[in-house]
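Undergrad: Take this structure first; my questions come after.
The values are calculated or read from the model by the stated rules, or taken from the named source; none is laboratory data. Keep in mind that what you see is a predicted model, and the values were worked out from it rather than measured. Using ideal geometry, Cβ is built from the backbone for each residue, glycine included, and neighbour counts are taken over all protein chains shown. Note: accessible area is taken over every heavy atom of the protein model, side chains too, but ligands, DNA and RNA are not part of it. Shrake-Rupley method; radii C 1.70, N 1.55, O 1.52, S 1.80 Å.
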Amino acid sequence: ISQLIGQEYLYFYDALSPIVDANTIDYDTAFFASRYEKGGADYLNCPMNEKQYYDFIRELNNAEKVPMASFEKPVYFEGCMPIEVLAERGPKTLAFGPLKPVGLTNPHTGKTAFAVVQLRKENKESSAYNLVGFQTKLTYPEQKRIVRMIPGLEKAEFFRFGAIHRNTFINSPGLLSNELEVKSRPGIYFAGQIIGVEGYLESASMGLLASLSAVAKILGKDYIPPPRDTALGALINYLTTSNV
Ligand SMILES: Cc1cc2nc3c(=O)[nH]c(=O)nc-3n(C[C@H](O)[C@H](O)[C@H](O)COP(=O)(O)OP(=O)(O)OC[C@H]3O[C@@H](n4cnc5c(N)ncnc54)[C@H](O)[C@@H]3O)c2cc1C
């Protein structure tokens, strides 16, 4: 593909935080509150004292991580850093980052904790909670061990473990026409996530449109891409022009 498009491909890392079963959280320890009481009590907070925090950091630093594949470079967005990478920057980094306690008073004690792990509701039923900012490349058994060190999550069961994966894509605005055909190589089409969309529907629909265009060309018929004010037309516009 690199040779065909005459460019290096692009990529980014996409991250998932672990999700735990709400029924396995200890609500005598965890408490509901939003930072500075803004926006209702949407977050569940697991408070840590100083010892618990530094024990957690030590074990996080020692925990087993999934190694990078030979072709991967650990280039992350600053806002999407794996928690273990942040912890390696220094023992206090997490306490000033995703685990910062400011604006959260623990109603069980009336105090602000040394650090706080925040969980966000994952679904309408409140049966699952996502650990905010806990995207990670720890192995699954280590995620279980490390997360269970968090006060309130000692018995947590997991619906999903955290993960980080690489998404490869091409520079579609410069390379593709609005029919998803390679401008420099007519007759070759790209579709799916590699052109810069994400999701099942988005990827499959781009495949459908690319094939409608290709078939029309083969049959000598006209093909008109969907207009920009439709969902798929807007996606095509986003992908093939820089005029978002
Ligand atoms: C963990 C995770 C969870 C997700 N959850 C959701 C979700 O809940 N909802 C949602 O809408 N989307 C979700 N997505 C995104 C969704 O999976 C992708 O956007 C979608 O599958 C992309 O479809 P695609 O056909 O473009 O690419 P893919 O599904 O990646 O298919 C590409 C195929 O090409 C094959 N391939 C690669 N290189 C070659 C080669 N050289 N020769 C031949 N074949 C090759 C691959 O093996 C693969 O089968 C998730 C993604 C991940 C990773």
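Undergrad: What number does the chain give for Rg over Rh if you use C-alpha atoms and the Kirkwood radius?
TA: Reported Rg/Rh, Kirkwood definition of Rh: 1.10.
Undergrad: How big is the accessible area of S211 in square angstrom, nearest 10, if you roll a 1.4 angstrom probe over the protein chains?
TA: 50
Undergrad: Which net charge results when you count Lys and Arg as +1 and Asp and Glu as -1 among the other residues whose beta-carbon is under 14 Å from that of Y238?
TA: The answer is -2.
Undergrad: Rounded to the nearest 10 Å², what accessible area does R120 have for a 1.4 Å probe in the complete protein model?
TA: Ignoring ligands and nucleic acids, R120 comes out at about 100 Å².
Undergrad: Looking only at segment 78-111, which residues have a backbone nitrogen under 15 Å from a spot 7 Å from the Cα of R58 in the C-beta direction?
TA: Residues 91-92 qualify, since their backbone N sits under 15 Å from the label point.
Undergrad: Provide the solvent-accessible area of H108, counting protein heavy atoms only and rolling a 1.4 Å probe, rounded to the nearest 10 Å².
TA: 100
Undergrad: Could you compute the FRET efficiency for H108 and S203, with r as their C-beta to C-beta distance and R0 at 51 Å, rounded to 0.05?
TA: 0.65
Undergrad: Could I have the simple spin-label model distance between T139 and Y76, label points 7 Å from Cα toward Cβ, reported in nm to one decimal?
TA: Roughly 1.9 nm, to one decimal.
Undergrad: Moving on. Counting only protein heavy atoms and using a 1.4 Å probe, what share of the accessible area of segment 13-166 belongs to carbon plus sulfur, as a whole percent?
TA: That share works out to 54 percent.
Undergrad: Kindly sort D14, D28 by accessible area of their heavy atoms, largest first, with the probe set to 1.4 Å.
TA: The most accessible residue leads, giving D28, D14.
Undergrad: Where does each of T93, T240 land when they are ordered by accessible area, with a 1.4 Å probe and the largest first?
TA: T93, T240
Undergrad: On the protein heavy atoms, probe 1.4 angstrom, tell me the percent of accessible surface of segment 170-240 carried by carbon and sulfur.
TA: 61
Undergrad: Quickly work out the A234-to-I188 label distance, labels modelled 7 Å from Cα along the C-beta direction, and quote it in nm with one decimal.
TA: Taking the two extended label points, one gets 3.2 nm.
Undergrad: May I ask you to compute the full-extension gain from N123 to E157, defined as 0.36 nm times their residue separation minus their alpha-carbon distance, rounded to one decimal in nm?
TA: 10.6 nm is the gain from fully extending N123 to E157.
Undergrad: Could I ask something else about it? Please identify the chymotrypsin sites (Phe, Trp or Tyr not before Pro) of segment 1-51 that satisfy two criteria: DSSP loop assignment and at most 16 other Cβ atoms within 10 Å. Which are they?
TA: Qualifying residues, ordered by number: Y9, Y27.
Undergrad: OK, next. Counting heavy atoms of the protein chains only and a 1.4 Å probe, report the per residue accessible area for segment 72-126 as a whole number of Å².
TA: 58
Undergrad: Using only alpha carbon pairs under 8 Å that are at least six residues apart, calculate the relative contact order of segment 170-240 and give it in whole percent.
TA: 33
Undergrad: Using each residue's phi in segment 36-51, evaluate 6.51 cos²θ - 1.76 cosθ + 1.60 at θ = phi - 60° and report the 3J(HN,Hα) Karplus result to the nearest Hz, with x for Gly and Pro.
TA: The phi angles translate into 6, 6, 9, x, x, 8, 7, 10, 9, 10, 10, x, 10, 7, 4, 5 Hz.
Undergrad: Tabulate in residue order the Karplus-calculated ³J(HN,Hα) for segment 171-183, using 6.51 cos²θ - 1.76 cosθ + 1.60 with θ = phi - 60°, rounded to whole Hz; enter x for Gly and Pro.
TA: Karplus-based 3J(HN,Hα) across segment 171-183 equals 7, 3, x, x, 9, 10, 7, 6, 9, 6, 9, 5, 4 Hz.
Undergrad: Taking the alpha-carbon centroid of each part, what is the distance from segment 16-93 to segment 139-171 in angstrom?
TA: Using only Cα atoms to place each centre, the spacing works out to 9 Å.
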